[in-house]
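In what follows, a structure is listed as structure tokens, so that the remarks can point back to it.
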Number of protein chains: 2
Amino acid sequence: MNFFKSAQPPPIPAEPVAEALNHTVHPFYPLGVEIVNYLANEKDVIQLLTSFASLVGSILLVSWYGATKFAPHLKASDQLAVLWFVLCGMIHFFFEGYFSYNHTRMGPAQDLFGQLWKEYALSDSRYLTSDPFVLCMETITAIFWGPLSFVMVYFIITSHRYRYPLQAIVSLGQIYGDVLYYATCLFDHYHKSLSYCRPEAYYFWFYFFFMNFIWIVIPSSLLYDSIRTTGKAFKALERMSNSLKTNGVSQKSTANGHIKNA
Amino acid sequence: MNFFKSAQPPPIPAEPVAEALNHTVHPFYPLGVEIVNYLANEKDVIQLLTSFASLVGSILLVSWYGATKFAPHLKASDQLAVLWFVLCGMIHFFFEGYFSYNHTRMGPAQDLFGQLWKEYALSDSRYLTSDPFVLCMETITAIFWGPLSFVMVYFIITSHRYRYPLQAIVSLGQIYGDVLYYATCLFDHYHKSLSYCRPEAYYFWFYFFFMNFIWIVIPSSLLYDSIRTTGKAFKALERMSNSLKTNGVSQKSTANGHIKNA
């Protein structure tokens, strides 16, 4: 601006100038990043967080009611897994699918999901700039991990033989996507001094770190559960097979014991 | 250049000019992308491809010798799986690990791996520009899928109870990384008209498409094998458990049959 110091520019407020230059004033980082046709959210942050929490709460309540009513035989950990995968299915398919489908129209969006994404994007503006990695990862999440989460619900309720392989696949998919999500962002931050997150700790720690960390912790626990249970099944099968083959009838009860422990 | 048509610039060759401007002339796309301290490869493409093929051939030969000598009990498909995972372990850990470790020094590299990467980068210049996604994906591949491929070799040879869970994990990790690799590149090509690949068909179809497609096809087959085998194991366990519990000794042979079929 020093070039025009002596030119005495007319007192035009910042926003129209920015608009005239085909840029919009916005709160996202890095400063100056282009957000196409940006419009500020109509709802405030309290309204948005309340809406999101209500949605999540409703999904969990309905799932819990469904699980206890239609699958009362499930043990507690499996009921929790049902709740988790219903929530994942809804968030992956509808919320992340919304972003994947509308990634070029995020800036001006004023529907609930659009405003929620714009609030979240204060911690990661890549959601408003069609970042190739974020878009591809979210698209795979919406197309694969979303519907497969619903399949997981069915598999848990029916004790399906493919329950544990699918549980490992969906959980690893979530973990890998999430680790890459963190890693690409932190690499740009530390190596290229390019931050997509506003400087306030709230955005980094609550939106960026914590909200995504949930998809590291729970899938890791479910992946571990899947590996352990599958390993136990193969061990039980091997022992039983050996017992029955080598010792005949006398080993039946031992072999049966192994199955029960599996 | 039309701007300077009448200025008769001194006859300086292109390269020193580019160097003076802190840019180097290079064959990578998109045109003008900055490759820090680029030096052309000392070996030609025939020498590089021969070296790479010899390396891969040696690894496969030694693995095949080792598998037939030390694990002759393995069925053919498991021997092939051993060869595959030795190759994956070597490529992921050493070759992709080289890139991950040296990503800031790729432009001038003249050792064999450096030159191989520069030849490959003709199909994807992101390997010479520390692209965040490519770097993070390759780092995860080198750190996790590389060593875990070697663990897989041990698990296959010992018929370990965790063989099939780990086979699913490594294979899905390879597939997901590869799908994201294709997807981010094609998105930039079609959506942002930004191509990282030279225009010659050879680079796109042989280097970019075919060389990576191997890591879609074989891991998909191994993932399928893992899911199917695990499903069979759970089914066999369930049937055997039911048979033994409800019918007692008379069902022993049937249950045993189920294990054998699993």
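We did not get these values from a lab; they are worked out from the coordinates using the rules stated. Just so we're clear, the structure is a prediction, and the values are computed from it rather than from any experiment. Cβ atoms come from the backbone with ideal geometry, glycine included; neighbour counts cover every protein chain shown.
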Subject >> For chain B, built as a Gaussian network whose Cα springs stay under 10 Å, the top-fluctuating residue of B:L237, B:L112, B:L128 >> reply: B:L237
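With a cut-off of 8 Å between alpha carbons and a minimum separation of six or more residues, what is the relative contact order of chain B in percent?
Once normalised by length, the contact order is 19 percent.
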Original post:
What nm distance separates the two modelled labels at B:V217 and A:T158, each placed 7 Å from Cα along Cα→Cβ?
Top reply: 3.3 nm
Subject >> Cα gyration tensor shape of the stretch B:42-165, rounded if a/c is under 1.5, else prolate or oblate by comparing a/b with b/c >> reply: oblate
Original post:
Once you sort the root eigenvalues of the Cα gyration tensor of the stretch A:71-119 as a ≥ b ≥ c, which label holds: rounded (a/c under 1.5), prolate (a/b larger than b/c) or oblate (the other case)?
Top reply: prolate
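Excluding A:V217 itself, what net charge comes from residues whose Cβ is under 15 Å from its Cβ, given Lys and Arg +1 and Asp and Glu -1?
Here the count lands on -2.
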Subject >> Cross-link table A:K192/B:K43; A:K235/B:K69; A:K192/B:K192; A:K75/B:K235, entries beyond 24 Å C-alpha to C-alpha >> reply: A:K192/B:K43; A:K235/B:K69
Original post:
Are there any helices in chain B, counted as whole DSSP H runs, that stretch 15 Å or more along their axis by Cα and score at least 0.5 on average by Kyte-Doolittle, and if so which?
Top reply: B:45-70, B:76-90, B:146-157
**OP:** Pick out which of B:A40, B:A142, B:A53 has the largest mean-square fluctuation in a Gaussian network model of chain B, springs linking Cα atoms closer than 10 Å.
**Re:** B:A53
Subject >> Neighbour-count ranking [beta-carbon atoms within 10 angstrom, fewest first] of B:R126, B:R105 >> reply: B:R105, B:R126
Original post:
Among B:L55, B:I140, B:S171, whose Cα lies farthest out toward the positive end of the dipole of chain B, if unit charges sit on the beta carbon of Lys, Arg (+1) and Asp, Glu (-1)?
Top reply: B:S171
Subject >> Inter-copy spacing of A:T50 label points, which lie 7 Å from Cα along Cα→Cβ, given in nm from shortest upward >> reply: 7.5
Subject >> Residues B:L39 and A:E200, FRET efficiency given R0 of 41 Å [Cβ-Cβ distance, rounded to 0.05] >> reply: 0.40
Original post:
What nm value, rounded to one decimal, do you get for the distance between B:Y101 and A:F70 when each label is placed 7 Å out toward the C-beta?
Top reply: 5.4 nm
**OP:** Sort B:K69, A:K232 so that the residue with the fewest other Cβ atoms within 10 Å of its own Cβ comes first and the one with the most comes last.
**Re:** B:K69, A:K232
Original post:
Helix-derived [θ] at 222 nm for chain B: sum -39500 (n - 2.57) over DSSP H runs of at least 4, divide by residue count, nearest 500?
Top reply: -20000 deg cm²/dmol
**OP:** Report, in debye and to the nearest 20, how large the dipole of chain A comes out about its Cα centre when Lys and Arg carry +1 and Asp and Glu carry -1 on their Cβ.
**Re:** 1620 debye
Original post:
To one decimal place, what Kirkwood hydrodynamic radius in Å is obtained for chain A from all pairs of distinct Cα atoms?
Top reply: 21.6 Å
Original post:
Under the classification rounded if a/c is under 1.5, otherwise prolate if a/b is larger than b/c and oblate if not, where does the protein assembly as shown fall, given a ≥ b ≥ c as square roots of the Cα gyration tensor eigenvalues?
Top reply: oblate
Original post:
At B:K69, label 7 Å along Cα→Cβ: distances to the other copies, nm, ascending?
Top reply: 6.7
Subject >> Cut-off under 5 Å, modelled amide H: who pairs with A:V25 long-range >> reply: none
